Amino acid sequence: MARATMVTGICSAVGGAAWTAACIVHDQQPTGCIGDGCLDHAMRDASPADAALMAVAGLLLAVSCLRLLLLARAAGGFGRVGTAAAATGAAGFALLAGAAVAMTIDGNWDGMPALVVPGVVLLAVGIVLVAWLVLRARLLPTALAALLLATAALLPFANEQTSRVLLAVPFGLAWLAAGIVLLASPVARRPAPATGVQ
């Protein structure tokens with residue numbers, strides 16, 4: 001279990017750092033457009049640097065969420081909430097991956113919001129549910145688990161076309177902190193044995 005916790009910590013810390021850096025780098029790009037403003041203004045494209053950082057962050061945080069779900073299950077705290085977290089998170093990740101592919105083909109594609117908006121919402125819901133499971137299973141200190149939950153709830157309000165992309169920075173910092181805590185105390189944060197099926 002200690003090894004699993006350590007791997008989760010590495011994924012969380014590196015993924016959170018990459019996410020934070022991607023948001024900051026992306027904010028250095030020229031401001032894009034929203035809605036009708038796109039009729040006479042180009043959308044903000046991702047630079048190779050922030051696209052690579054976000055790809056790394058997305059992959060590592062997805063692995064981290066999956067491993068946290070497995071740790072919560074080992075602690076007897078999975079249940080229907082865990083199933084819902086896995087389903088919504090996977091759907092959101094798939095939509096955002098599709099948006100990333102579409103952006104590399106045509107950064108000004110009009111259908112981008114149809115992928116990004118529901119993708120962000122579903123991903124945020126999935127991560128909120130993961131954070132709730134982490135809180136309930138006591139995989140992290142209560143304050144840190146609550147911080148993961150609160151910063152995930154901010155994600156739908158972020159927008160990569162404007163400086164509101166920086167609203168996603170606290171999310172990355174929370175995951176970085178979670179990773180550091182897991183790495184610093186992999187044994188102390190070991191979930192308690194399951195006491196029954198939930």
Practice task
Starting from region 50-109, pick out the chymotrypsin sites (Phe, Trp or Tyr not before Pro) whose DSSP state is loop and whose Cβ has at most 11 other Cβ atoms within 10 Å.
Solution key: none
Completion exercise
For residue 20, the net charge from surrounding residues (Cβ-Cβ under 12 Å; K, R +1; D, E -1) works out to -2
Problem - Rounded to 10°, Cα long-axis angle of helix 169-184 versus longest principal axis of the chain - result: 30 degrees
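Throughout, read-outs are computed from the coordinates displayed, never taken from laboratory work. These figures come from a predicted structure and were not determined experimentally. Reconstructed Cβ throughout: ideal geometry from the backbone, glycine too, with neighbour counts over all protein chains shown.
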